[in-house]
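What follows is one structure encoded as structure tokens, with my remarks underneath.
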Amino acid sequence: MQAKLKKCDGCHEDKVIWKKHGKERFCQACWAKHPEKSLKPLKAKAPIKSKSSKQEKLEKLYGILRIAFLTNNPFCKAKLTGCQLNASDVHHMAGRGRYLLDDSLFLPVCRVCHNQIEENPLMAKAMGFSVSRDETRTQENEED
């Protein structure tokens, strides 16, 4: 079954109508050149969440655990050059990843000491402020 030929408002020839725009009718070739084609509204995509719901729950638990830990450990344990004495940060000795809620690997530090520990990982490991994740996994496997 063939479509009926109608007059195109773009080229004024009898052709198969591809698109209607208001009261105007266009064949495929004319519609491809039509300025309104580029003004077609794009479908809005939902933004990607910055954190999964699982990660949001973990961070909420961490916030509670962090406050309790700093309440029980109010002083900086690093005592590096420029130390402010009062702990304001929790340093994760084995990183945050899978050890986010493991308070046995927390270290209460002030902001100045925390910056020094993060900027100098070799010094931090030598002084015992950071541990290798490999060492932590080995200890976990030995306990099992």
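Throughout, read-outs are computed from the coordinates displayed, never taken from laboratory work. All values reported here derive from a predicted model rather than from experimental measurement. So basically every Cβ, Gly included, is an ideal-geometry build from the backbone, and we count neighbours across all protein chains shown.
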* To do: Any chance you could count how many residues in segment 42-79 are within 24 Å of the chain's Cα centre (by Cα) and assigned to a loop (DSSP other than H, G, I, E, B)?
  => 10
* Structure fact -> Taking segment 80-129 and keeping residues assigned to a loop (DSSP other than H, G, I, E, B), of a type in the set (A, V, I, L, M, F, W, C) and surrounded by 12 or more Cβ atoms within 10 Å (Cβ to Cβ) leaves L80, C83, A87, M93, A94, L100, L101, C110, M127, F129
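So, in segment 88-136, of the ones that are among the polar types (S, T, N, Q) and more than 24 Å from the chain's Cα centre (by Cα), which residue ends up nearest to T71 (Cα to Cα)?
Among residues in segment 88-136 that are among the polar types (S, T, N, Q) and more than 24 Å from the chain's Cα centre (by Cα), the one nearest to T71 (Cα to Cα) is S88.
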